[in-house]
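S.K.: Submitted below is the structure of interest, expressed as structure tokens.
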Amino acid sequence: MSDLRGSTVIVEETPAENGDRNTRRAFLAAAGAAGICYAAALGYPVYRYLASPNEMAMNETAVTEVTLKDAEKLPLGSVLMFKFGTRPALLIHHEDGRWTSMTAVCTHLGCTVQYEPQADRIHCSCHGGVYNAYTGANVSGPPPKPLTLYKVKMNPDGIVVSRA
Amino acid sequence: MTTKSIASNVYDWVDERLGLSELAAFARHKTVPSHAQSFWYYWGGISLFLFLVQCFTGVLLLVYYRPGAEAYESVRQITFVMNFGWLIRSAHSWSANLMMFAILVHMFSVYFMKAYRKPREFGWLSGMALLGLASVFGFSGYLLPMDELSYFATKVGLQIPVAIPWIGPAIATMLRGGPEVTEFTVQRFFALHVVVLPALFIPLLGFHLWLVQKHGNALPPSEEAKPASQRKSIPFMPSFLRKDLAMWIITLNVLALLASVFPWALGKQYDSLVPAPPGIHPEWYFMSPFEMLKILGSFLPGESGEIAGILLFTLGIVLWILIPFYDKNKESGQRARVAHYFGLLAIFALLATTVVGYWAIR
């Protein structure tokens, strides 16, 4: 054995004998299992900690109904942006006095769409998608699907928007 | 091609470019002395492990912490709203305390093994600088929750530089970001704690660890006195590394136990109009200097006492830092004995003033 520190004695580990092979394998398996337990015990709290905002948002997306106070005062030909759960939504008061409400998340790539009162249509500035402002149907441009419509109900304390 | 030959080809490709086999050969030949005081060799590694825990939990806290006016609210949210946030924060606080403790044990073991002697002077000096930075880490981190305790601790702590003649008040005002501890203080302490201090600490730690690799572990005088043939050492790979890892796992278990069984508390939000709560005191690692200044203040009342205290304290620290240049001979002569007694005196003074400090607030 070559020696690095002059004549210092280096105490070697006893090398594994043939009979020790099983013990060695059992030890490695136990160490591996313990390692997995540690990784899980550390990983689980860290995962749940980082996932907290998502879990909170999940509770909010479970919302089925939103009451918009004083929304009935919205003038003709205008729009109110509000949050349905976590996502933006539109409440439109058309020139003809009708009310419609739908999600404001474009079905193409998720931009927030806008209501254009002059053309009475819904337009997405990101890639030029156009939707029908009464039905939410995708009229032109890249959107593959219509916008989801919500039910609109007039209540004494405001307008109630709910999932259709 | 078999899996084995693919693996060896990949290894060869990387080895040719990064020289892995040189590193492996270095690790294979590295040995660590084995003797009655070997236990103390693990404390540097324990400090390093706890620092890594600090980095990891610190980044996790950074995910939700908001400095400035919202500081308290965000820590409240971490502690009571986010899943396991209390545990992450508790682990960060406990690990900070354990790290200070491990660093102090490491420092005193190095001191009494006289591991600061030639050629290890830079190891000692960089270690002392790391201890200083660790204290500033502790002090700046303590304010971040902005509860009553952290508010008053910072208020009092920043009174100490005020006693420095002429420039003291300006330094304190600069650190505080104004005449009072406010959200400006927490904002700049935050910048210090998560950017400035890590940027200084990590390269210095790299230097410190490189020196340990370069010079190897120092032998205590009792071992040096033995003829070389009677000294024992063990290979670093795998014997010492295995024991080192075992110490890390023990440390992790102790930390997990403390952090979960004794979760770190969050006090009430600070209010500059509310008087200091009774029994308020500094963290244990600041208790001794705090008490020493108090004792000196009772001998020498007023400003002269404060200045004398700071001078005496600075002198002690300077003597301590410069020990490799004072006690440098290999032989255990008169100077070595003086250094030894100076070390014992330092431990006695630290312990005694800490006990007196806790006695006084009891």
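S.K.: Give the peptides B:32-38, B:97-103, B:290-296 in descending order of average Cβ contacts within 10 Å, highest first.
M.R.: So the order, starting with the most tightly packed, is B:97-103, B:290-296, B:32-38.
S.K.: When the C-alpha atoms of region B:305-362 are aligned to their principal axes, what extent does each axis show, in angstrom, from largest down?
M.R.: 46, 24, 14
S.K.: Can you compute the FRET efficiency between B:Leu52 and A:Asp96 using 1/(1 + (r/R0)^6), with r the Cβ-Cβ distance and R0 = 45 Å? Round to the nearest 0.05.
M.R.: Step by step, r from the Cβ atoms, then E = 0.10.
S.K.: Can you pull the Kirkwood radius for region B:149-200, inverse mean 1/r over Cα pairs, to one decimal in Å?
M.R.: Value: 11.5 Å, from the Cα pair sum.
S.K.: Relative contact order for region B:15-132 using alpha-carbon pairs under 8 Å, separation at least 6, rounded to a whole percent?
M.R.: 28 percent
S.K.: What value in Å³ per residue do you get for the convex hull of the alpha-carbon atoms in region A:65-163?
M.R.: Here the figure is 83 Å³ per residue.
S.K.: Only helices at least 24 Å long along their own axis, judged from Cα atoms, and with Kyte-Doolittle mean hydropathy of -0.5 or greater: name those in chain B from DSSP H.
M.R.: What comes out of the filter, once short or polar helices are dropped, is B:42-62, B:85-112, B:121-143, B:197-215, B:241-261, B:303-321, B:334-361.
S.K.: Using only C-alpha positions, report the orientation-averaged shadow area of the convex hull of region B:92-249, nm², one decimal.
M.R.: So the mean shadow area of the Cα hull is 12.2 nm².
S.K.: Once label points are set 7 Å from the Cα along Cα→Cβ at both A:Glu55 and A:Lys69, what is their separation, rounded to one decimal in nm?
M.R.: Result: 3.1 nm between the two label points.
S.K.: For region A:86-91, what does the Karplus curve 6.51 cos²θ - 1.76 cosθ + 1.60, with θ = phi - 60°, yield as ³J(HN,Hα) per residue in whole Hz, taken in order and with x for Gly and Pro?
M.R.: Ordered by residue, 3J(HN,Hα) equals 9, 10, x, 9, 10, 10 Hz.
S.K.: Round to a whole angstrom and tell me the spacing of the C-alpha centers of region B:173-191 and region B:214-245.
M.R.: If you average the Cα positions of each part, the centres end up 47 Å apart.
S.K.: Now for a separate question. Treating only the Cβ atoms of Lys and Arg (+1) and Asp and Glu (-1) as charged, compute the dipole magnitude of region B:95-244 about its Cα centre; round to the nearest 20 debye.
M.R.: So the dipole magnitude of region B:95-244 works out to roughly 840 debye.
S.K.: Cross-link list B:Lys294/B:Lys328; B:Lys30/B:Lys328; B:Lys232/B:Lys330; B:Lys4/B:Lys214; A:Lys69/A:Lys145: which exceed 28 angstrom alpha carbon to alpha carbon?
M.R.: From the list (B:Lys294/B:Lys328; B:Lys30/B:Lys328; B:Lys232/B:Lys330; B:Lys4/B:Lys214; A:Lys69/A:Lys145), the Cα-Cα distance tops 28 Å for B:Lys294/B:Lys328; B:Lys4/B:Lys214; A:Lys69/A:Lys145.
S.K.: Below 8 Å between Cα atoms, with a sequence gap of 6+, how large is the relative contact order for chain B in percent?
M.R.: 25 percent
S.K.: Return the percentage of antiparallel bridges among DSSP beta bridges fully within the protein assembly as shown, rounded to the nearest 5 %.
M.R.: 95 percent
S.K.: Right, next: Please compute the net charge surrounding B:Gly343, taking Lys and Arg as +1 and Asp and Glu as -1 over other residues with Cβ under 14 Å from its Cβ.
M.R.: Net charge around B:Gly343: +3.
S.K.: For region B:22-86 and region A:85-136, what is the separation of their C-alpha centers, rounded to whole Å?
M.R.: 50 Å
S.K.: While we're looking at this one, here's another question. How much length is gained on full extension from A:Val139 to A:Met81, taking 0.36 nm per residue of separation minus their Cα-Cα distance?
M.R.: 18.7 nm
S.K.: Still on this structure, please answer the following. In whole Å, what are the extents of the protein assembly as shown along the principal axes defined by its C-alpha atoms, from largest to smallest?
M.R.: Between the extreme Cα coordinates on each principal axis of the protein assembly as shown lie 104, 81, 39 Å.
S.K.: Could you work out the Rg to Rh ratio of chain B, with Rh taken as the Kirkwood radius (inverse of the mean 1/r over all Cα pairs)?
M.R.: Checking Rg against Rh, the ratio lands at 1.01.
S.K.: Work from the charge dipole of chain A (Cβ charges, +1 for Lys and Arg, -1 for Asp and Glu, about the Cα centre) and give the residue of A:Leu109, A:Ile122, A:Gly32 farthest towards its positive end.
M.R.: Highest projection toward the positive end goes to A:Ile122.
S.K.: State the answer as a single residue: which of B:Ala360, B:Phe112, B:Tyr151 lies farthest towards the positive end of the charge dipole of chain B, with beta carbon charges of +1 for Lys and Arg and -1 for Asp and Glu, about the Cα centre.
M.R.: B:Phe112
S.K.: If exposed means no more than 15 neighbouring beta carbons inside 10 Å and the site is in a DSSP loop, what's the longest run of chain A without any exposed GluC sites (Glu not before Pro)?
M.R.: Formally, the longest exposed-site-free interval is A:18-94.
S.K.: Count charges around A:Phe27 for me, please; just the other residues with Cβ under 12 Å from its Cβ, Lys/Arg as +1, Asp/Glu as -1.
M.R.: +3
S.K.: Where does region A:18-62 land on Rg/Rh, using Cα atoms and the Kirkwood Rh?
M.R.: 1.44
S.K.: Given Cα pairs under 8 Å that are at least 6 residues apart, what percent is the relative contact order of region A:65-163?
M.R.: 27 percent
S.K.: Continuing with this model, one more query. Report the FRET efficiency, 1/(1 + (r/R0)^6), for A:Ala26 and B:Val318, where r is their Cβ-Cβ distance and R0 is 60 Å, rounded to 0.05.
M.R.: For A:Ala26 and B:Val318, the calculated efficiency is 0.60.
S.K.: Compute the convex hull volume of the Cα atoms of region B:216-362, divide it by the residue count, and report the result per residue in Å³ as a whole number.
M.R.: Here the figure is 203 Å³ per residue.
S.K.: Please report, for the Cα atoms of region B:239-284, the Rg to one decimal and the Dmax as a whole number; what are they, in angstrom?
M.R.: Spelled out, the Cα radius of gyration and Dmax of region B:239-284 are 18.5, 59 Å.
S.K.: Give me the dipole magnitude in Debye, nearest 20, for the protein assembly as shown about the Cα centre, with unit charges on the beta carbon: positive for Lys and Arg, negative for Asp and Glu.
M.R.: It comes to approximately 1200 debye.
S.K.: If you build the Cα gyration tensor of region B:14-147 and take the root of 5 times each eigenvalue, what three semi-axes come out, in whole angstrom, biggest first?
M.R.: 36, 21, 14
S.K.: Could you give log10 I(q)/I(0) at q = 0.14, 0.17, 0.24, 0.30 Å⁻¹ for region A:107-164, computed by the Debye formula over C-alpha point scatterers of equal weight, without solvent?
M.R.: Log10 of I(q)/I(0), two decimals: -0.43, -0.59, -0.94, -1.19.
S.K.: Where Rh denotes the Kirkwood radius from the mean inverse Cα pair distance, what is Rg over Rh for region A:38-96?
M.R.: With Rh from the inverse mean 1/r over Cα pairs, Rg/Rh is 1.32.
S.K.: Which value results when the Cα radius of gyration for region B:242-314 is divided by 2.2 N^0.38 Å?
M.R.: 1.75
S.K.: Next question, about the same structure. What translational diffusion coefficient, in µm²/s and rounded to a whole number, does the Stokes-Einstein relation yield for region A:16-126 at 20 °C and a viscosity of 1.002 mPa s, taking the hydrodynamic radius as the Kirkwood radius over Cα pairs?
M.R.: 113 µm²/s
S.K.: Put a dot 7 Å past each Cα toward the Cβ at A:Lys153 and B:Asn9; how far apart are the dots in nm?
M.R.: For the pair B:Asn9/A:Lys153, the computed spacing is 6.9 nm.
S.K.: Compute the signed sum of charges (Lys and Arg +1, Asp and Glu -1) over the other residues within less than 13 Å, Cβ to Cβ, of B:Leu158.
M.R.: +2
Rule-based calculations on the coordinates, nothing more; no lab input. Owing to the predicted nature of the structure, the values given are computational and were not obtained by experimental measurement. Cβ sites come from the backbone with ideal geometry, for glycine too, and all protein chains shown count toward neighbours.
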